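Please read the structure below before turning to the comments.
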Amino acid sequence: MIKQLTVIVLAVCLFSFGKQDRPTIYLIGDSTVRNSNQAYWGWGSLIGEFLDTTQVVLANHAMAGRSTRTFRKEGRWDKVKENMKPGDYLLIQFGHNEGSKPDTTRQGYRGVLRGIGQDSITLDWGNGEREIVRTYGENLRRFVREAKQIGAAPILVSMIPRNQWDEQGNVKRANQDFGLWARQIAEEEQVPFIDLNEITAKKYDNMGPEQVKTKYFPGDHTHTNYEGAMENAASVIEGLRNVEHPLVKYIK
């Protein structure tokens, strides 16, 4: 009986150690990474279908409607840092909610300054509350550096393409603004960059506007259904392979 109990206790300890020893992949972003609406899905909710989750843990902290500014302001980034440990990974994808002029109105609550500079503005919310608003690139830079300080490995990911097309019949890219700035910060900070925007946009170009709309976008031009999110998750996996990232060893 004592031997049996010893074996059971040992097995439980080994199992617990194994779970704790697994690296965690943290995801931060907006609704295109995590969405709880039944009609719409984020790719971060489905990327586990491509990974061996007995070897790696997924922690999707993305939240609908958030920008690089509000994700930090609301304390969501602090919660991620509290749990992050050396050897973990961090995938960062923002861009869909950054575009408004930053101010104290409802419309400007999520907005950031454009570019990758270190310039900033200070907003006065009244009652002595002041907020420093920085550029999109600087916000990414701070996520990357703080993750590195913990010993985690950050990866920057460009935003998924919207269902918007140019006059030549190609999907509009983000390679002149948010996608470009994410790439520039990745190069500056010497971290991997997955051009999710371009990888998926090429797939859309081959399909054409009508098929993309019918197959992936049930409502607006930003949020995909399950099939669209699965396609974007597959694009992230393709991006990991392209940069020959160590996470490739966890792909099924």
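The values are calculated or read from the model by the stated rules, or taken from the named source; none is laboratory data. Everything quoted here is computed from the prediction, not taken from an experiment. Positions of Cβ are generated from backbone atoms using ideal geometry, with glycine treated the same way; all protein chains shown enter the neighbour counts. Note: areas computed on protein heavy atoms with side chains; ligands, DNA, RNA excluded. Shrake-Rupley method; radii C 1.70, N 1.55, O 1.52, S 1.80 Å.
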#### Entry: Matching residues in region 198-229 - criterion: being within 22 Å of the chain's Cα centre (by Cα) and open to solvent by less than 10 Å² (accessible area, probe 1.4 Å)
200, 201, 204, 216, 217, 224, 228, 229
### Task
Select from region 193-252 the residues that are β-branched (Val, Ile, Thr), more than 13 Å from residue 41 (Cβ to Cβ) and part of a loop (DSSP other than H, G, I, E, B) and list them in ascending order.
243
### Task
Would you confirm whether any residue within region 113-126 is surrounded by 19 or more Cβ atoms within 10 Å (Cβ to Cβ), modelled with pLDDT of 95 or more and touching a Pro at 6+ places or on another chain (Cβ under 6 Å)?
no
### Query
If you scan region 176-205, which residues turn out to be polar (S, T, N, Q) and within 18 Å of residue 221 (Cα to Cα)?
197, 200
### Summary
Matching residues in region 127-144 (under 17 Å from residue 82 (Cβ atoms) and surrounded by fewer than 21 Cβ atoms within 10 Å (Cβ to Cβ)) number 1
### Task
Of the numbered conditions (1) over 26 Å from residue 140 (Cβ atoms); (2) modelled with pLDDT of 95 or more, residue 219 fails exactly one; give the number of that condition.
(2)
### Task
Select from region 32-45 the residues that are assigned to a loop (DSSP other than H, G, I, E, B) and open to solvent by less than 20 Å² (accessible area, probe 1.4 Å) and list them in ascending order.
32, 33, 42
### Task
State yes or no: is residue 180 of a type outside the set (Asp, Glu), assigned to a strand (DSSP E or B) and free of Cβ contacts under 8 Å to residues at least 24 places away in the same chain?
no
### Query
Does region 46-102 hold any residues that are of a type in the set (Lys, Arg) and either open to solvent by 40 Å² or more (accessible area, probe 1.4 Å) or free of Cβ contacts under 8 Å to residues at least 24 places away in the same chain (or both), and which are they?
66, 72, 73, 76, 79, 81, 85, 101
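Restricting attention to region 187-221, which residues are acidic (Asp, Glu) and out of contact with any helix residue (DSSP H, G or I) (no Cβ under 7 Å at 6 or more places or on another chain)?
187, 188, 198, 205, 210, 220, listed by residue number.
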